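What follows is a set of notes on a single structure, which appears directly below.
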Amino acid sequence: MPLFPPASCSRLVVKIGSALLVDADGQVRRVWLEQVAAAIARRHAEGQQLAIVSSGAIALGARRLKLPKGGRASLEDAQAAAATGQIALSQVWAEVLHAQGLTAAQMLVTLGDLEDRRRYLNAAATLDRLLNLRVVPILNENDSVATEEIRFGDNDRLAARVAQAAGAQGVVLLSDVDGLYDRNPAQPGAQHIPRIERIDGAIEAMADGGSASGMGSGGMVSKIAAARIANGAGAHLAIASGTADQPLSAEARHSLFVAERTAPARKAWLAGGLTARGKLHVDAGAAAALGQGRSLLAAGVTRIEGSFARGDLIVIVGADGKPLARGLSEYAAEDAANILGRRNEEQAELLGYAPRSALVHRNHMALL
């Protein structure tokens, strides 16, 4: 039985890591990719719509440009490798899908495309139209223009964000590992974790940040971060090994992160945001109120970090330092600091204008 069968998952996002698509010599693993394309075609024939998040551009470009360290010696090398390799990556995907009677489309996105609400909605509309046209979108981060400060940095989190934008019910991260283990799987006695109902501190402690192949940019840490984003949007996420033949068709061993519920689209977007401009630290009373679905009032805020404007995404942090929620600030950082810890009736005099009902309104907030 395949992962996320079409009958129960009308839309699926599949992420393919560099180590699976490109061999140690920087060549495309064409035979393996043709098998994946055949599996995609079978799923399409059964009515499932698929989007692919494909790594490999930097690895392919680095070989063609003869760059050291797989094109990752510097940001400039990575950008040049990405620009060169993306053409080759798109071409090979178009060829293998065309051989199966499918049409491919390329979408290159940056972090800003999915963090800015308007651009996010534009990307979501494009994805929706392509999928409804029975096209297979091939997505990748636009590494030729991204910098360290404005990039996803790994395609695991990108895949989860794409699933959110596409309204997908499932995400499969095909990798060189077959799931989450209670410790580094290279260590003796490591136990495979087949199902994760809730991502907590114990699950996060099992992660290893390294990329085993040396070609990728993320390890298990990025995959758990991706699972948080996908689950927050109501999509289940599986980490599965892509080293087996036809990994989407075989009953490959995997770890499944189970989504508890489907969040409203706007709140799912807020919860999955990666580029918060600041933090609001709150006391125990405010934390309890948030848990009851209430707005965040200035009276419960103990400390402010960052420089943000009204409408910017911020993180609300509890007394223990753990994030509680993400939301859009109703005030710029300077005004927020002026009313820190003050009750509503005191705020008008401090601000010089009528205060808003909350520092972060519940309608513009997503609990984590």
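Quick notes on this one:
- At most 13 other Cβ within 10 Å, DSSP loop - trypsin sites (Lys or Arg not before Pro), region 1-103: LYS66
- Largest-first ellipsoid semi-axes for the chain, taking √(5λ) over the Cα gyration tensor eigenvalues, angstrom: 39, 21, 20
- DSSP bridge orientation in the chain - percent antiparallel, rounded to nearest 5: 40 percent
- Protection proxy ranking for 100-108, 302-310, using the average of other Cβ atoms within 10 Å per residue and placing the highest first: 100-108, 302-310.
- In Hz, Karplus ³J(HN,Hα) per residue of region 86-96 (6.51, -1.76, 1.60; θ = phi - 60°; x = Gly, Pro): 5, 5, 5, 5, 5, 5, 5, 5, 4, 5, 6
- Each listed q (0.11, 0.14, 0.15, 0.16 Å⁻¹) maps to a log10 I(q)/I(0) for region 276-367, found by the Debye formula over equal Cα scatterers with no solvent: -0.24, -0.40, -0.46, -0.53.
- Of LEU180, LEU280, LEU65, the one that fluctuates the most in a GNM where the chain has Cα springs shorter than 10 Å: LEU65
- Region 276-367, relative contact order [Cα under 8 Å, separation at least 6], %: 34 percent
- In this structure, the residue pairs whose Cα-Cα separation is over 26 Å, taken from LYS15/LYS322; LYS69/LYS279; LYS69/LYS223, are LYS15/LYS322; LYS69/LYS279.
- Relative contact order for the chain: 14 percent, from Cα pairs under 8 Å spaced at least 6 residues apart, divided by residue count.
- Acute angle (nearest 10 degrees) that the helix 117-132 long axis makes with the longest principal axis of the chain, alpha-carbon atoms: 30 degrees
- When the helices of the chain are scored as -39500 (n - 2.57) per DSSP H run of n ≥ 4 and the total is divided over every residue, the value at 222 nm lands at -10500 deg cm²/dmol.
Bear in mind these aren't lab numbers, they're just calculated from the coordinates by the rules spelled out. Here the structure is a predicted model, which means the values were calculated and not measured. Here the Cβ is made from the backbone with ideal geometry for all residues, glycine too, and neighbour counts use every protein chain on show.
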